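Reviewing the structure listed below.
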Amino acid sequence: MSFNTFGRVFRFTTWGESHGPAIGAVVDGCPPGLALSEADIQPWLDKRRPGTSRFTTQRREPDEVRILSGVFEGKTTGTPISLMIENVDQRSKDYSEVAKAYRPGHADYAYDAKYGFRDYRGGGRSSARETASRVAAGAVARLVIPQVCILGYVSEIGGDAIDPANFDEAEIGNNPFFCPDAAAAARWETLVDEARKDGSSLGAVVECVATGAPAGWGAPLYAKLDSELAAACMSINAVKGIEVGEGFAAARLRGEQNADPMRPGADGRPDFLANHAGGIAGGIATGQPIRLRVAFKPTSSILIPVETVTRTGEASEIMTRGRHDPCVGIRGVPVVEAMVALVLADQALLHRAQCG
């Protein structure tokens, strides 16, 4: 069985490969009557678009989206919305060596073991190119939850973290790293440049905060809001970990330290004095900001020779030519934002279905 669809009520399916003619998404379950055009989607794709700085892959893709169905006279119809993004800058010849041997850390061997063959051109479906489809679908999801503001940023690259005291939201759009700390962004220029010149890569941590989600979204046990968000973010290529709220740090706290004390609020709802839970308790939103941390591994495609085996089982070495992100987590910011939007849109519709 193949799994290319995510969501319960608000669902999306991505399709296409890194070096195929196009990639895209089909969004189903979107409510009718929402204003939607390519102009509503394109700004989010532009955030993720490759080739915008020397710190990302130099593959030149305009990532222009076309809406093929599901919209009439500028409004969603309630029927499937088909989105297409053409691939225009493939260089499949860069992957001739990958056809013969597996790239350690990549999905080459795993795909071969499962299917018996694989699309070695850029990794096919395992390429980060697939995430453009998610960003397009996420732009539609944002229209379902206009009351929610979703903000992503890079908080750490190569083990070098931002200083929370220097956090400046306005700074996120002023540097190529989506970094809220100007001093950290300046350090990262040297850090990423050195890795790129060495032919290597770096990992990163992306943080995402969603504000405006009301208390009550989510469900107990098997559709917990945090488990849905974890599944969504873990499905992103190169993601190896996710934390909600304090995450693993909660295991090092005492109960009174990890509690989120409450006081009576002016509107009859409690005022929380802390948010260690990351805005989710028992799988259900508390109305506080929802906070996530997502860990991206270093890009597996590097120019440093690494021991491997060929498809016929012979010992070999491989270095991956082509154009690759020296830190894939940088362009992971709009992807994480999109997956959070897709989950929250789905949960908003599920809540409305059950609770009115």
Margin query: What distance in nm separates the two pseudo spin-label positions at Arg311 and Met262, each 7 Å out from Cα along the beta-carbon direction?
Written below: 5.9 nm
Next item on the list: Just grab the label-to-label distance for Arg352 and Arg54, each label 7 Å out from Cα along the Cβ direction, in nm (one decimal).
Entry: 4.8 nm
Note to self: Apply the Karplus curve 6.51 cos²θ - 1.76 cosθ + 1.60, θ = phi - 60°, to the phi angles in the stretch 130-136 and return the couplings in whole Hz, x for Gly and Pro.
What the structure shows: 4, 5, 4, 5, 5, 5, 4
Check: Which angle between 0 and 90 degrees, to the nearest 10, do you get for helix 225-234 versus the longest principal axis of the chain when only C-alpha atoms count?
Finding: 10 degrees
Checklist line | the stretch 147-226-the stretch 234-312 distance, computed between alpha-carbon centres (Å) | finding: 12 Å
Note to self: Just to be sure I understand: with springs between alpha-carbon atoms less than 10 Å apart, which residue in Thr131, Thr308, Thr56 has the highest mean-square fluctuation in the Gaussian network model of the chain?
What the structure shows: Thr308
Next item on the list: Please report, to one decimal in angstroms, the Kirkwood hydrodynamic radius of the stretch 317-356 built from all distinct Cα-Cα pairs.
Entry: 13.2 Å
Next item on the list: Under a 10 Å cutoff between Cα atoms, tell me which one of Ala136, Ala195, Ala338 has the largest fluctuation in the Gaussian network model of the chain.
Entry: Ala195
Checklist line | In the stretch 242-334, GluC sites (Glu not before Pro) in a DSSP loop with at most 10 other beta-carbon atoms within 10 Å | finding: Glu314
Item checked: Residue with peak Gaussian network fluctuation, the chain [Cα springs, cutoff 10 Å], from Phe248, Phe296, Phe167 -> Phe248
Check: How high is the relative contact order of the stretch 220-350, in percent, counting Cα pairs under 8 Å that sit 6 or more residues apart?
Finding: 27 percent
Note to self: How much length would be gained if the chain were fully extended between Asp193 and Arg66, taking 0.36 nm per residue of separation minus their Cα-Cα distance, in nm to one decimal?
What the structure shows: 42.2 nm
Note to self: Strictly over 31 Å apart at the Cα level, which of Lys100/Lys240; Lys75/Lys240; Lys47/Lys297; Lys114/Lys197 would you flag in this model?
What the structure shows: Lys75/Lys240; Lys114/Lys197
Check: When the Karplus curve 6.51 cos²θ - 1.76 cosθ + 1.60 is applied with θ = phi - 60°, which whole-Hz ³J(HN,Hα) does each residue of the stretch 22-34 get, with x for Gly and Pro?
Finding: 6, 10, x, 8, 10, 9, 10, x, 6, x, x, x, 8
Checklist line | Calculated from backbone phi, Karplus (6.51, -1.76, 1.60) coupling profile of the stretch 343-356 in Hz, x at Gly/Pro | finding: 5, 5, 5, 4, 5, 5, 6, 5, 5, 5, 5, 8, 10, x
Check: In Å², what does the accessible area per residue of the chain work out to with a 1.4 Å probe?
Finding: 46 Å²
Next item on the list: Might you report the magnitude of the Cβ-based charge dipole of the chain about its Cα centre, with Lys and Arg at +1 and Asp and Glu at -1, to the nearest 20 debye?
Entry: 780 debye
Check: Okay, which of the stretch 195-236 sit inside 19 Å, backbone N to the point 7 Å along the Cα-Cβ direction of Asp271?
Finding: 212, 215
Margin query: Could you work out [θ]222 nm for the chain from helices alone, using -39500 (n - 2.57) per DSSP H run of at least four and dividing by all its residues? Round to the nearest 500 deg cm²/dmol.
Written below: -7500 deg cm²/dmol
Check: How high is the FRET efficiency between Asn166 and Ala113 when r is their beta carbon distance and R₀ equals 35 Å, given to the nearest 0.05?
Finding: 0.15
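The values are calculated or read from the model by the stated rules, or taken from the named source; none is laboratory data. Since the model is a prediction, treat every value here as computed from it, not as a measurement. Don't worry about glycine lacking a Cβ; one is built from the backbone with ideal geometry, like all the others, and counts go over all protein chains shown. Note: areas computed on protein heavy atoms with side chains; ligands, DNA, RNA excluded. Shrake-Rupley method; radii C 1.70, N 1.55, O 1.52, S 1.80 Å.
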